[in-house]
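Let me begin by presenting the structure, written as structure tokens, before commenting on it.
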Amino acid sequence: MDLRHLRYFIAVAEHGSMRAAAERIHIAQPAISRHIRTLEAELGVALFHRASRGLVLTAPGARFLREARRSVARLAEAAALARDTAAGVRGQLRIGFIENSGWDGIVPGAFRRFQRAAPEVRVELIPLGSKAQIDQIMVHELDGGFINKLMALPTEFGEMAVTTNDVMLAVPRRSDWALPNPVAATALNGMPMVGFLRSVNPPHFEALSRAFARAGVVPRVLQEVESEAAAMALVSAGVGAAVVNTANRARPPALVQFLEFSDLSIPMPCAFVYLAESTNPALTRFRQALGMAITDALIGHAATD
């Protein structure tokens, strides 16, 4: 039994005639008669009997018609799902991101575009550090991720440059922390600081260390944390200052003040990374949405220059 048998049977049942069904589905009447006989032989039951008004379903035929219609509908739905998945408009997408990348600008714009283009794709967003994202992409736990690209990527990876941020100083919003804005890097000497654990993101740790060394800064680190969100919590509590990504301007904590540096710069390139040989069509469609968001941002910057 194949799908043609079901379709031909449904057509004959609906039209009550081999001839009318053959005309409706554009095949020769002998062919459709042969398919119905084959189907009846395979089932071992008569599906129709002849009456004055044409072919009439038997009791087994009427029951088989209900199930055949359900089966054909389910197959049609399965085929549509398969086509939509191949087109990247259905399926699932797991995206990692450093938290400050999603608050403003290109990244939320890309997700808005993607949601409009593929509303049936289930998107799961997982906040993770850059190194953890790379590790999870490698083992197919993530489809892609927005990272601070301060390291060379594995050769299996593709990437899309999104934007480049810098660093700034986050200090408690209190009178005893009054500092000039912009502030010189040497002001950090002797200042209580919240630092970052090297083990969580070695490239980030090393980039900060090199910049401090060039500026003649010897930080007095009181506590080390895993993320900028944790650092900002300690800054809010008055534990110390922290050097953080300028992307945090999009969501400033109420108890934190951001200060520019007059003589310290650490480029923080944000990139979307993924396995170049990924076969997830939803990822391809998301990359298209991201590419358009990046282009829009470039056009917007050019228009304001």
(request) Spot the failing condition for S265; the list is (1) surrounded by fewer than 17 Cβ atoms within 10 Å (Cβ to Cβ); (2) of a type in the set (G, A, S); (3) touching a Cys at 6+ places or on another chain (Cβ under 9 Å), and only one is missed. (result) (3)
(message) If I266 satisfies all but one of (1) closer than 23 Å to K149 by Cα; (2) part of a strand (DSSP E or B), what's the number of the condition it fails?
(response) (2)
(request) Would you list the strands (runs of 3 or more DSSP E) that sit entirely within the stretch 48-138 and hold 1 or more residues that are in contact (Cβ under 8 Å) with a residue 60 or more places away in the chain and buried (at least 17 other Cβ atoms within 10 Å of the Cβ)? (result) 90-97, 120-127
(request) Could you list all residues from the stretch 26-45 that are closer than 15 Å to A68 by Cβ and surrounded by fewer than 16 Cβ atoms within 10 Å (Cβ to Cβ)? (result) T38, E42, L43, V45
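Considering only residues that are of a type in the set (G, A, S) and more than 53 Å from the chain's Cα centre (by Cα), which ones fall in the stretch 48-62?
A51, S52, G54
Suppose we filter V256, V194 for residues that are modelled with pLDDT of 95 or more, buried (at least 16 other Cβ atoms within 10 Å of the Cβ) and under 30 Å from E141 (Cβ atoms); which single one remains?
Details: V256 fails: under 30 Å from E141 (Cβ atoms).
Step by step, each of V256, V194 is checked, and only V194 is modelled with pLDDT of 95 or more, buried (at least 16 other Cβ atoms within 10 Å of the Cβ) and under 30 Å from E141 (Cβ atoms).
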(request) Return only the number of the condition from (1) closer than 17 Å to V162 by Cα; (2) modelled with pLDDT of 95 or more; (3) surrounded by fewer than 20 Cβ atoms within 10 Å (Cβ to Cβ); (4) among the hydroxyl-bearing types (S, T, Y) that S236 does not satisfy. (result) (1)
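The values are calculated or read from the model by the stated rules, or taken from the named source; none is laboratory data. Source: prediction; values computed, not measured. FYI the Cβ positions are ideal-geometry reconstructions off the backbone, even for glycines, and counts take in every protein chain you see.
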